[in-house]
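Worksheet for the structure shown next.
Coordinate-derived values only; no laboratory data. Keep in mind that what you see is a predicted model, and the values were worked out from it rather than measured. So basically every Cβ, Gly included, is an ideal-geometry build from the backbone, and we count neighbours across all protein chains shown.
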Amino acid sequence: MFIILQIITIPVIPIKILFPSRLRVEKIRLTGKYKGKKCNIILLSDFHWDANPRTDEKTMNDVIQRTNELQPDIILLTGDYVQKDANPIKELTEKFFSRFQSRYGVYAVLGNHDYKRDPKLIATSLEKIGIRVLTNDFIRPCEGIELYGVGDFESKEFIPEKAFSKSQSKNTLEIFDKPKSKIEEEKPVFRIMMSHNPDSANILSKYPIDLIVSGHYHGGQVCVPVYDSEWKFKPIIPALVSAIAKIGIFLPGKVKRKLGTIVKNWDWRTGGPHKINETVQLYTSRGLATHPPLRLFCDPEITLIELE
Ligand SMILES: [Fe+2]
């Protein structure tokens with residue numbers, strides 16, 4: 001996919017100068033099952049810190065400052081901290097992530113690029129500054145919320161049943177704001193699953209989860225204006241495929257089916273809230289990355305999830 005995008009977005013530098021992206025805070029409010037005190041959750045994804053052109057220092061400083069200004073109770077990081085080399089994780093964690101201020105902690109899962117490089121080094125660097133990495137693991141960061149995390153969907157470490165079997169054991173309970181003896185087990189809990197790749201939602205939605213948070217697709221990364229009752233910026237790949245499918249009435253059935261497969265669940269991938277079934281919601285972040293070729297009309301995102 002990126003080869004196609006690279007061709008489409010040449011020349012890279014003039015386009016980046018002409019169409020700079022703006023860091024945006026996307027807010028969603030979830031009410032209903034959650035019965036605890038109002039909780040502000042920040043979701044950040046896809047840093048690709050060593051990519052070229054990379055997420056620059058100014059953007060990262062803005063991300064830290066604006067995240068802290070939102071006074072988060074919990075911060076969630078859904079992977080892809082690096083692109084081609086694991087070592088820059090040390091700079092990313094020590095120079096930037098160490099400045100996060102979050103009442104009940106910062107939690108992370110790893111992405112496909114992290115698994116391709118050095119997952120052990122990346123996890124260790126995150127843990128070294130106090131970020132809890134949840135790989136097929138579970139935690140209760142505060143009363144009323146259970147937080148789960150899985151390894152990347154494309155890796156051997158995607159084992160959700162392991163996380164859920166751990167949640168059955170009371171020995172694993174970790175509560176930051178209350179001693180274990182005061183936990184009221186019978187109260188309903190809101191279950192959040194962190195999974196880098198939203199394509200995992202079909203499998204994860206079979207588990208007792210309320211919300212899945214993901215990243216991975218960078219909002220489609222390159223968007224174009226598309227008219228659909230009003231003008232909107234939409235990711236170029238599904239827009240192109242839909243246009244081809246619409247005008248391609250003479251295409252063989254096999255080709256049409258292939259196009260349909262490519263765009264299947266694209267709305268899950270390209271950002272925002274999505275309903276997977278009656279009980280499970282998915283939120284996919286556009287992430288922050290500016291890895292090759294670049295982002296175009298697809299603003300980097302800080303997500304504020306308000307639970308109340
Ligand atoms: Fe990514």
Residues within segment 191-206 that are within 11 Å of the chain's Cα centre (by Cα) and assigned to a helix (DSSP H, G or I), tallied
1
Subset of segment 52-66 (residues that are part of a loop (DSSP other than H, G, I, E, B) and surrounded by fewer than 21 Cβ atoms within 10 Å (Cβ to Cβ)):
Asn52, Pro53, Arg54, Asp56
Would you pick out the residues in segment 89-118 that are within 16 Å of the ligand (Cβ to nearest atom) and touching a residue at least 24 places away in the same chain (Cβ under 8 Å)?
Ile89, Leu92, Ala108, Val109, Leu110, Gly111, Asn112, His113, Asp114, Tyr115, Arg117
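Suppose we keep only residues that are more than 18 Å from Lys264 (Cβ to Cβ) and away from the ligand (no atom under 16 Å from the Cβ) within segment 196-207. Which one would you say is surrounded by the most Cβ atoms within 10 Å (Cβ to Cβ)?
From segment 196-207, those more than 18 Å from Lys264 (Cβ to Cβ) are 196, 206-207; that's our starting set.
Next, only the ones that are away from the ligand (no atom under 16 Å from the Cβ) stay: 206-207.
Working: Lys206: 11, Tyr207: 17.
Top of the filtered list is Tyr207.
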Top-ranked residue in segment 208-217 [being more than 13 Å from Trp266 (Cβ to Cβ) and either within 11 Å of the ligand (Cβ to nearest atom) or among the β-branched types (Val, Ile, Thr) (or both); ranked as farthest from the chain's Cα centre (by Cα)]
Ile209
Going by the structure shown, is Lys38 touching a residue at least 24 places away in the same chain (Cβ under 8 Å), away from the ligand (no atom under 16 Å from the Cβ) and closer than 27 Å to Asp199 by Cα?
no
Among the strands (runs of 3 or more DSSP E) lying completely within segment 67-164, list those that include at least 1 residues that are under 19 Å from Ala289 (Cα atoms) and under 17 Å from the mean Cα position of the chain (by Cα).
74-77, 106-108
